[in-house]
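Below: one structure, written as structure tokens.
Where a number appears in this text, it was derived from the coordinates with a stated rule and is not lab data. Remember, predicted model here, so these are calculated numbers, not experimental data. Cβ: placed from backbone, ideal geometry, glycine included. Neighbour counts: every protein chain shown.
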Amino acid sequence: MSVRSEDPHAVVDRLFRQEQGRAVATLIRVLGDFDLAEEAVQDAFITALETWPTRGVPGNPGAWITTTARNRAIDRIRRRRILAEKAELLGRQTLIEEELAAIDPDAALDGADSMSPIVDDRLRLIFTCCHPALAMDARVALTLRTLGGLSTPEIARAFLVPEATLAQRLVRAKRKIRDAGIPYRVPDDHALPERLDGVLRVLYLVFNEGYGASTGDRLIRRELSAEAIRLGRVLGSLMPDEPEVLGLVALMLLHDARRETRTGPGGELVLLEDQDRSAWDRARIDEGQGLLERAMRMRRVGPYQLQAAIASLHDEAPTSAATDWAQIAALYRVLGEIQPSPVVELNRAVAVAMADGPAAGLALVDRVAAGGQLDDYPYLHSTRADVLRRLGRHAEAAEAYRAALALTANEPERAFLAGRLSRLGVN
């Protein structure tokens with residue numbers, strides 16, 4: 001289908017999300033320089049904005065972007081005329097052009113050959129950005145910057161840090177990659193599971209911050225959760241035989257299907273039990289469940305698949321009362337066996353409280369609390385408060401709500417907790 005009739009600005013905006021990561025990944029492989037690759041790709045998109053409104057959108061806009069970015073990179077190298085390696089790179093211009101010309105920028109990721117250069121480039125970049133030698137905040141920032149195409153101000157606003165701080169994280173991350181000689185490649189087979197887990201953690205962290213912001217005046221940051229899902233889809237298309245990748249994408253989709261009902265007209269928090277299930281995104285639920293089934297057929301069950309299975313049980317229940325809480329509690333038990341965590345145990349306590357009654361749930365919550373690992377975790381205290389409220393132990397519930405409030409920085413969550421505390425009528 002031709003794109004010539006489309007609005008050029010709309011085409012550029014769409015292509016930036018679709019093609020920016022691919023072009024940057026390709027140029028980093030060829031040039032070995034993060035900054036030069038990003039600058040050249042940015043130049044290409046600026047040129048598109050300047051020329052396409054008058055000349056029209058080219059028939060193959062993705063190829064145009066990649067070719068223009070390549071040419072801008074070569075122009076920048078020529079202008080610099082410093083460092084011997086840059087001069088050597090000019091001598092490789094023909095090789096660069098041949099490598100880039102061999103890439104089909106319009107190839108759909110879902111149908112990409114797992115051995116194609118574009119697949120290799122994007123995988124290399126994902127694993128480089130999420131290398132364990134980098135601090136977690138640097139991994140997140142670099143992934144969103146290079147693969148997601150988010151600007152430094154956008155990322156800084158999303159995580160509520162000063163733009164200068166975020167910029168320094170990016171500079172340090174790129175310097176670390178260069179100075180430590182972090183290889184731009186996919187890990188060897190024996191190291192892949194551990195490294196892949198780190199990549200998935202980064203994407204899930206980005207999604208979680210978008211789905212339930214830890215600070216600020218909004219509960220949801222749509223741009224972050226959407227970007228995590230997009231990058232998860234990319235990773236899933238590049239690694240279609242990794243069930244945990246599919247499990248993570250399924251998990252994000254199954255949660256995101258409920259996004260629009262999680263807040264009320266004024267941005268207030270709406271609990272799962274009170275949400276309008278008819279407004280959930282059925283297409284996302286169907287897609288998530290399909291990915292989960294595909295992952296499960298590979299018979300290599302992991303934490304993300306189990307969490308997706310739990311989310312699926314919530315999504316398929318026609319009413320809150322019809323939720324299969326016993327099955328959810330059982331899945332959390334299995335999850336706790338393969339990935340022990342006090343947070344997992346806390347989530348299991350919630351399911352047990354719903355399946356077997358608040359007293360049974362409180363016993364598990366108190367066992368988690370006794371471990372001391374979640375003393376500063378607001379959801380431990382809010383969960384305990386809710387169970388105590390259901391048991392009619394209002395004075396204790398009020399104390400727990402106050403503890404949760406003291407640890408909560410998100411304003412809609414604070415308003416919800418304050419409302420629950422007020423309704424207890426305890427001074």
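List the trypsin sites (Lys or Arg not before Pro) in region 21-81 that DSSP assigns to loop (not H, G, I, E or B) and whose Cβ has at most 10 other Cβ atoms within 10 Å. Which are they?
Passing both the DSSP loop test and the Cβ count: ARG81.
For the chain, find the longest principal axis of its Cα atoms and tell me its angle to the long axis of helix 117-129, 0 to 90°, nearest 10.
50
Compute the angle between helix 8-31 and the longest alpha-carbon principal axis of the chain, please, reported from 0 to 90 degrees and rounded to the nearest 10.
Once rounded, the angle reads 70 degrees.
To the nearest 0.05, how large is the calculated FRET efficiency for ARG297 and ARG218 if R₀ is 60 Å and r is the Cβ-Cβ distance?
After rounding to 0.05, the efficiency reads 0.95.
Counting other Cβ atoms within 10 Å, which GluC sites (Glu not before Pro) in region 321-427 have at most 14 and lie in a DSSP loop?
Here no GluC sites (Glu not before Pro) fit, given the DSSP loop and packing criteria.
Under 10 Å, Cα contacts only: if you run a Gaussian network model on the chain, which one of LEU203, LEU407, LEU346 comes out with the highest mean-square fluctuation?
For the chain, modelled as a Gaussian network with Cα springs under 10 Å, the answer is LEU407.
So how tilted is helix 394-407 from the main axis of the chain? Cα-based, degrees 0 to 90, rounded to 10.
20
Could you state the per residue volume, in Å³, of the convex hull enclosing the Cα atoms of the chain?
Roughly 168 Å³ of hull volume per residue.
For the chain, with a Gaussian network of springs between Cα atoms less than 10 Å apart, report the residue from GLY216, GLY247, GLY371 with the top mean-square fluctuation.
For the chain, modelled as a Gaussian network with Cα springs under 10 Å, the answer is GLY371.
How much length is gained on full extension from ARG390 to THR47, taking 0.36 nm per residue of separation minus their Cα-Cα distance?
Between ARG390 and THR47, full extension yields an extra 117.3 nm.
In nm, give the distance between the simple-model label positions of ASP241 and ASN427, each being 7 Å from the Cα along the Cα-to-Cβ direction.
Here the answer is 7.0 nm between the modelled labels.
If you build a Gaussian network model of the chain, linking Cα atoms that sit under 10 Å apart, which residue out of ALA326, ALA309, ALA295 swings the most?
ALA326
Calculate for the chain the 222 nm mean residue ellipticity that helices alone would give, adding -39,500 (n - 2.57) per DSSP H run of length 4 or more and normalising by residue count, nearest 500 deg cm²/dmol.
For the chain, the value works out to -22500 deg cm²/dmol.
Compute the distance in nm between two label points, each set 7 Å from the Cα along the Cα-to-Cβ direction, one at ARG157 and one at TYR184.
3.1
Roughly what would the spin-label model give for MET136 and GLN373, points 7 Å off Cα along C-beta, in nm?
Result for the modelled spin labels: 1.3 nm.
Each residue of region 63-70 in order: what ³J(HN,Hα) in whole Hz does its phi give by Karplus 6.51 cos²θ - 1.76 cosθ + 1.60, θ = phi - 60°, with x for Gly and Pro?
5, 4, 4, 5, 5, 5, 4, 4
Suppose the chain between ASP366 and ASP274 were pulled fully straight at 0.36 nm per residue; how much longer would it get relative to their current alpha carbon spacing?
30.5 nm
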